[in-house]
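Below is one structure; the comments refer to it alone.
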Amino acid sequence: MNAPEKILKPWTKPSLSPHRVGVMNKFGAVRQHHHQDEVDGVAIEPLLEQYGSPLFILSEKTLRENARRLRRAFATRWPKVRHGWSYKTNYLNAVCSILHQEGSWAEVVSDFEYHKARALGVPGSRIIFNGPWKPSAILEQAAREGAQIHLDHLDEIYALEQVAKGLNKKVAVGIRLNFDTGYTESWSRFGFNLESGAAMDAAQRIASSEWLNLTGLHSHIGTFILDVRAYAAQARIMAEFMEKVEAETACQIEYLDVGGGFASRNALQGVYLPPDQLVPSFDQYAEAITGALLEATRARSAAGQPLPTLILETGRAMVDDAEILVTRVVGGKRLPDGRRAAILDAGVNLLFTAFWYNHEVKPLRPLDGIPEETVLYGPLCMNIDIVRSSVMLPPLNVGDALMVRPAGAYNNTQWMQFIQYRPAVVMVTQAGKVEVVRAAERLSAINDFERLPESLRVPFPQGLPE
Amino acid sequence: MTRQTLDFPNVESLKRLALSESGFIFDPVTGNSFTVNHTGLALLQLIRQTLDVGQITKRLQAEFVIDASVAERDVSEFAGLLKVNFQ
Ligand SMILES: Cc1ncc(COP(=O)(O)O)c(C=O)c1O
């Protein structure tokens, strides 16, 4: 039966795809047909061989370009602009330090983040301290070091007043505001509410204090905000409150901090238009914010009063597309409903943002076969461990590598150490070198913090039960 | 004749399908149409002949560069796919 001289054809996985006549393509524009095998000219496959899979890869070039684009967009439209790097978005030391080199201050929300910024050499005077809980020791350090403290609630006003008194120092503070922009859901749990009068009460309370001086207003209206009109409303409301609070108390507002929330080029679940068509550019956000500010501060400018510094705390839009996660297929199966599924060596333990994004998934090499609806599962023993619940991909084989992107925002901070080691993070530098910026975890990363009581150590005094 | 695996689709429902050389499949019962790639087409034709996994593997190895274990795996997966779509 076998004809030895016959030339054998290469095998590709058999595939069968139904034609869905008249059904709208619910996956939106198909973004998966291309492949990508490098980051800034550095081939990925050898990096997987060397550092293991999964692997996070950071692009220094993209991160710096984003920082410069943001600065250019705002500095060309407003006289004084500052960016505070939102540590919680990605506090890898390499990421923070690149942004500090680009001129960003640190925006921190906990003692841990404050310590991290100080350990990187950021002086207290270049730290913005937000958040609903600032333990007394760190509050005191921040006040002593001249950090820009944003108060969240009344008890914190009292706490800081005590700290300032103890230091015998008048401390400049900002207050966090919340209000209805008409476009976003009001995050009323943070800061002082404007409409109810709580914000003005707080300003009055600070004005009456011997130890505090109100110099700034802060608000953060939400995250992944696609409608730039929300920011125009925010800027106008904050500028109007600035005028009011200066008129009613003797304070001088030096800055307006509009927080973060610009959308990154990622696809939110439930949104079918691709990010390229939906996500505003930095220029569009800048135009909305500075346009509203110019309008609302016309009288102020005419009177020769100083304009406030505009502060941004842009997080995800800065770093998301500067990092990818590369993962390998470890198995495949066919689900009872006929859909194809693949199991990857990275799951929601590393890609926390898979809970709300449909990340783009690209193979590193062109894959043979007809793309078909595929579910991508992670390696965890958890039903919710789904990287993509539906993505069009050609048949996948064990060992195939996939790039998941963008992955730079919130994954290196919200990742979980659950049943797996966290993998290495490498950075492709501007010079095209590859640097490990976080080593892959080993058992000691977890065990070093545990203490096993003497009586529980092997050999057990009574031996092992039968 | 018994098959080595129980997951094979009913051959009668596969025989009703109209297949074209280019991989277009039409199911006259449901009116649905499908595309198969060339390996899928080869496999479908072998499964329609009521061969068992061992025989199919041999026939595939005569035509393609393929390990027996990969063949077995892909055959049973594809058979499952046929079952879901044509029964
Ligand atoms: C106070 C504050 N600033 C900045 C950010 C960064 O937000 P984003 O990543 O959406 O830009 C956050 C995120 O939650 C925040 O709470």
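The values are calculated or read from the model by the stated rules, or taken from the named source; none is laboratory data. This is a predicted model, so every value here is computed, not measured. A quick note on method: Cβ atoms are made from the backbone with ideal geometry, for glycine too, and the neighbour counts reach across all protein chains shown. To get the accessible areas, we keep the full protein, side chains included, count just its heavy atoms, and leave off ligands, DNA and RNA. Shrake-Rupley method; radii C 1.70, N 1.55, O 1.52, S 1.80 Å.
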**Request:** Please give every one of the lysines within straight-line cross-link reach of A:Lys134, meaning a C-alpha to C-alpha distance under 22 Å, and leave out same-chain neighbours fewer than 8 residues apart.
**Result:** A:Lys88, A:Lys116, A:Lys165, A:Lys169, A:Lys170
**Request:** Place a +1 charge on the Cβ of each Lys and Arg in chain B and a -1 charge on the Cβ of each Asp and Glu, then give the dipole magnitude about the Cα centre in debye, rounded to the nearest 20.
**Result:** 220
**Request:** Could you pull the accessible area for B:Val70 with a 1.4 Å probe, rounded to 10 Å²?
**Result:** 60
**Prompt:** By the scheme Lys and Arg +1, Asp and Glu -1, what is the net charge of all other residues having a beta-carbon under 14 Å from that of A:Ser97?
**Reply:** +2
**Request:** Using the Kirkwood radius over Cα pairs, work out the Stokes-Einstein diffusion coefficient for chain A at 20 °C and 1.002 mPa s, in µm²/s as a whole number.
**Result:** 86
**Prompt:** How much of the accessible area of region A:294-340, in percent, comes from carbon and sulfur atoms when a 1.4 Å probe is used?
**Reply:** 55
**Length released on extending from A:Arg442 to A:Arg365, taking residue separation times 0.36 nm less the Cα-Cα span** = 24.7 nm
**Message:** Using only the Cα atoms of region A:130-314, what are the Rg and Dmax in Å?
**Reply:** 17.3, 57
**Within straight-line cross-link reach of A:Lys80, aspartates and glutamates at Cα separation under 19 Å, skipping those fewer than 8 residues along the same chain** = A:Glu102, A:Glu107, A:Glu240, A:Glu243, A:Glu254, A:Asp257, A:Asp283, A:Glu287, A:Glu295, A:Glu313
**Request:** Extending each Cα 7 Å along its Cβ direction at A:Arg339 and B:Val29, get the distance between those two points in nm, one decimal.
**Result:** 2.5
**Message:** Rounded to whole Å, give me the distance from the Cα center of region A:413-466 to that of region B:43-60.
**Reply:** 49
**Asked** Shielding of B:71-78 by partners, i.e. mean partner chain Cβ atoms within 10 Å per residue?
**Response** 3
**Message:** Residues of region A:333-371 with backbone nitrogen within less than 19 Å of a virtual label 7 Å along the Cα-to-Cβ line of A:Leu226, please, listed as ranges.
**Reply:** A:353-361
**Message:** Please compute, for the alpha-carbon atoms of region A:116-212, the extent along each of the three principal axes and give them in descending order in Å.
**Reply:** 40, 32, 18
**Prompt:** In a Debye calculation with equal point scatterers on the alpha-carbon sites of region A:62-171 and no solvent, what is log10 I(q)/I(0) at q = 0.23 Å⁻¹?
**Reply:** -1.19
**Prompt:** Under the Kirkwood approximation for Rh and a Cα-based Rg, what ratio Rg/Rh is obtained for region A:320-466?
**Reply:** 1.09
**Request:** At a probe radius of 1.4 Å, figure out the A/B buried accessible area, summed over both chains, and give it in Å² to the nearest 100.
**Result:** 2400
**Request:** Quick one: what are the phi-derived ³J(HN,Hα) couplings along region A:149-165, Karplus 6.51/-1.76/1.60 with θ = phi - 60°, whole Hz, x for glycine and proline?
**Result:** 8, 10, 7, 9, 7, 4, 4, 6, 4, 5, 4, 5, 4, 4, 4, 5, 4
**Item:** Reachable lysines from B:Lys15, criterion Cα separation under 30 angstrom, eight or more residues apart if same chain
**Value:** A:Lys6, A:Lys9, A:Lys13, A:Lys333, B:Lys58, B:Lys83
**Fill in**
Checked against the positive end of the charge dipole of the protein assembly as shown (+1 on Cβ of Lys and Arg, -1 on Cβ of Asp and Glu, about the Cα centre), the farthest of A:Thr309, A:Gly131, B:Asn32 is B:Asn32
**Message:** At R0 = 30 Å, how high is the FRET efficiency between B:Ala62 and A:Ser389 if r is their beta carbon distance? Nearest 0.05 is fine.
**Reply:** 0.15
**Complex-versus-alone comparison for region B:34-69, residues with a loss of 40 Å² or more in accessible area, probe 1.4 Å** = B:Phe34, B:Thr35, B:Asn37, B:Thr39, B:Ala62, B:Glu63, B:Phe64, B:Val65
**Message:** Among A:290-302, A:438-450, how do they line up by average Cβ neighbours within 10 Å per residue, starting with the highest?
**Reply:** A:290-302, A:438-450
**Message:** Once you compute Rg and the Kirkwood Rh from C-alpha atoms, what is the Rg to Rh ratio for chain B?
**Reply:** 0.95
**Prompt:** Percent antiparallel among DSSP beta bridges with both residues in the protein assembly as shown, to the nearest 5?
**Reply:** 50
**Item:** Helical mean residue ellipticity (222 nm; -39500 (n - 2.57) per DSSP H run of 4+; nearest 500) of chain A
**Value:** -8000 deg cm²/dmol
**Prompt:** In region A:293-400, which chymotrypsin sites (Phe, Trp or Tyr not before Pro) are in a loop and have at most 15 other Cβ atoms within 10 Å, using DSSP for the loop call?
**Reply:** A:Trp356
**Accessible area of chain A divided out per residue, in Å², using a probe of 1.4 angstrom** = 46
